[in-house]
Amino acid sequence: MREDGKPRRVTKQRALIKSMLAKALQGDVRAASVLLALHAQEKRDLPDAQNQRVDDAELLLVERFAPRALKSLARKATRT
């Protein structure tokens with residue numbers, strides 16, 4: 001994976017989350033739904049500090065994005 005033009009090794013899980021986040025930020029509703037589901041699961045199953053599966057910065061991004069995504073999904077649902 002490349003970040004800021006530099007190669008970086010990341011876990012498959014982290015790469016998946018970063019990929020989903022990028023797609024969701026571009027308006028992909030399905031990716032946003034997946035991220036919201038992961039966020040809900042993470043909130044429900046909070047691991048101890050040493051075994052955290054998602055780092056705090058990434059979780060913060062999802063927390064900030066979730067309300068916007070929910071509003072967008074609600075608007076789209078009322079149009080159809």
Length gained if Asp56 through Gln41 is fully extended, taking 0.36 nm per residue and subtracting the Cα-Cα distance, is 3.9 nm
Of 32-41, 12-21, ordering from highest average Cβ density within 10 Å down gives 32-41, 12-21
Extension length gain for Arg75 and Leu16 (0.36 nm per residue less Cα distance), in nm, is 18.6 nm
Subtracting the Cα-Cα distance of Asp28 and Lys6 from 0.36 nm times their residue separation yields 5.3 nm
Looking only at aspartates and glutamates whose Cα falls under 15 Å of Lys43's and that sit 8 or more positions away or on another chain, we get Asp55, Asp56, Glu58, Glu63
Surrounding charge for Leu35, neighbours by C-beta under 12 angstrom, Lys/Arg +1, Asp/Glu -1, total +1
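Here, each number is a calculation from the coordinates, and none is a lab measurement. Note that this is a predicted model, so its numbers are computed, not measured. Reconstructed Cβ throughout: ideal geometry from the backbone, glycine too, with neighbour counts over all protein chains shown.
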